[in-house]
1. Taking the mean number of other Cβ atoms within 10 Å as a proxy for protection, how do you rank 40-47, 236-243, 282-289 from highest to lowest?
2. For a quick check of understanding: with a 1.4 angstrom probe and all protein chains in place, what accessible area in square angstrom does Glu260 have, to the nearest ten?
3. If the cut-off is 24 Å between C-alpha atoms, which lysines fall inside it for Lys268, apart from same-chain ones fewer than 8 positions away?
4. Under 5 Å between amide H atoms, partner at least 5 residues away or on a different chain: which partners does Ser327 have, H built in plane at 1.01 Å?
5. Which Cα, out of His214, Pro185, Ile196, lies furthest along the positive dipole direction of region 185-233 (beta carbon charges, K/R +1, D/E -1)?
6. For region 150-214, with all protein chains present and a 1.4 Å probe, just round the carbon and sulfur fraction of the accessible area to a whole percent.
7. Tell me the carbon and sulfur percent of the accessible area for region 233-316, rounded to whole percent, probe radius 1.4 Å.
8. Can you tell me how region 135-255 classifies by the Cα gyration tensor, rounded, prolate or oblate, using a/c under 1.5 as the rounded cut?
Amino acid sequence: MTLELYLEVDEVRLVTADDVREGDRIGMDIYAADGRLVLRQGMIVTTRLIEGLKRLQIEGIYIEDERFQDIQVEDGDSMRFRMKAISALNNAFEEITQKRNFNSKSLIETSEEMVNYLVAEQDPLIQTKNIRTRTGYLLDHSINVAMLSVLTAKALDYSVEQLRVIGIGAMLHDIGYALPGLKDPYHEHPKAGFDIIRKHQEIPLMAAHLVLQHHEKTNGTGFPFGVKGKEIREMAQICAVANDFDHHVNEIDKNRLPHEGIEYIMSKVETTYDIHIVQAFMRNVVPYPVGTIVSLTNGVSGIVTEINKTNSSRPVIRVLDKDQTISLLDHQTLFIKEVLSSRDLCFSREKEIV
């Protein structure tokens, strides 16, 4: 796997490497997947640094922005464990590619840390919309799926021990892709992943069955075995919902909105998923978490500052560069048009300068 850079979040905003400017101040420490600090928060961006980011194929970094000083994008504990999880998963992929096996200790520890965090937090800030590079997509996807799976299982009143099982299973749901020599990786990776994991007695066998069945569908049209209905383990169904949602929302070169991911999942109820699992998923997934930058159908751009509990798809928006907030619950004809790109933000900053 290619070495990727990951970020520890504070109150900042995200820009692409193409849009970062000389003189910008880095808003978060940037770490390599092995945990090494690459760039420190507070560093001033130079032309040479920008060239280095592009050379490393880093799509985006966080920079300080005084407009968002009181907005927390995602809490530090969540991002610290994300970094550790991605590092551990990256190592597992590399070990399997080279030796067809892996050391599971750090992955299990990180998975337990994730579960403890999600159990302890009343309303954890989980970003469902991410900037991803092609080379790092699978790692970040796997961590998102694990977090979303644990939250869904938590809504179904799973015990902490059960949450730990689904956490490690969902984190490893795509580990079969690391096995070299697969003729049809997409259709073979669930069985390949199952065969790898079941060799590890320290990983519950149920986690391996989750990996095996996460592409099965309730109507029997899934793979690898075409089982259906109650033959599909509930943990695998939970992972399947989280997997499909994350792929749909974060597909490379697409700018789908999180609520579109929810609509996509809802359209597959009964043919692919059981309705009670989808309902549990929806209770715990906020389409636009606090800190999400959006544009509205009236042309206004803003940042989400508050979630409306009665309808999480209709949050409170602070208008950029204006002392004004809009609750979408109070404006029924106003909708989120898109999650704002960094190019739009830079355009907004150009207007300030002019």
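The values are calculated or read from the model by the stated rules, or taken from the named source; none is laboratory data. It should be emphasised that the depicted structure is a prediction, and the values quoted were computed from it without experimental measurement. Note that we place each Cβ from the backbone using ideal geometry, even for glycine, and neighbour counts take in every protein chain shown. We work out accessible area using only protein heavy atoms, side chains counted, and drop any ligands, DNA or RNA first. Shrake-Rupley method; radii C 1.70, N 1.55, O 1.52, S 1.80 Å.
1. Details: 40-47: 12.6, 236-243: 27.2, 282-289: 20.6.
So the peptides 40-47, 236-243, 282-289, ranked by packing, come out 236-243, 282-289, 40-47.
2. Per-residue accessible area (Glu260): approximately 70 Å².
3. Reachable lysines: Lys129, Lys154, Lys191, Lys217, Lys228, Lys230, Lys254, Lys337.
4. Distant-sequence amide H within range of Ser327: Ile317.
5. The listed residue farthest towards the positive side: His214.
6. On the way: 1400 of 2630 Å².
Accessible surface attributable to carbon and sulfur in region 150-214 totals 53 percent.
7. On the way: 1580 of 3260 Å².
Carbon and sulfur together cover 48 percent of it.
8. Details: a/c = 1.24, a/b = 1.09, b/c = 1.14.
Because its axes are fairly even, with a/c under 1.5, region 135-255 counts as rounded.
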